[in-house]
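Peer 1: One structure, as structure tokens, below. Some questions next.
Readers should treat all values here as calculations from the given coordinates under stated rules, not as data from a laboratory. Just so it is clear, the model here is predicted, and its values are computed rather than measured. A quick note on method: Cβ atoms are made from the backbone with ideal geometry, for glycine too, and the neighbour counts reach across all protein chains shown.
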Amino acid sequence: MHYGAQFGWLVRIMAVLISLGVIAEVSGWIVGPARGIYTAAQQVLLPPIFRKANKKNVPIPLIIVQGIVVTIWAAVLTLGGGGVIIYHLLWRFL
């Protein structure tokens, strides 16, 4: 549906708000699982480097690793045709 040029400003505002929402959601995807993995690391299920946390009890090494993994996977999904190529490559090696 076309609303006309008089709502162009509203479309820009909505685009910015949606972008901010996506950024907030992705940061939740990065930090959320890191807390569970940190608990596993504290129970000596992972290497000692993942047990480290800063003075505010934030598992920095885990968040960095999680951020790298999410960034790589987002690039694969964005540039790799929805991950189909990677799926087939992984399927061949498993």
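Peer 1: Could you run the Karplus curve 6.51 cos²θ - 1.76 cosθ + 1.60 with θ = phi - 60° over region 65-75 and give me ³J(HN,Hα) per residue in whole Hz, x for Gly and Pro?
Peer 2: Per residue, the Karplus-derived 3J(HN,Hα) values read 4, 4, x, 5, 4, 5, 5, 5, 5, 5, 5 Hz.
Peer 1: Of the listed peptides 59-72, 11-24, what is their order by residue-averaged count of other C-beta atoms within 10 Å, with the highest listed first? Could the numbers behind the result be given before it?
Peer 2: On the way: 59-72: 15.4, 11-24: 10.0.
The peptides rank, most packed first, as 59-72, 11-24.
Peer 1: Counting only other residues whose beta carbon sits under 10 Å from that of residue 59, what net charge do I get with K and R as +1, D and E as -1? Display every interim value, and only then the final one.
Peer 2: On the way: positive: 35, 51, 52; negative: none.
Net charge around residue 59: +3.
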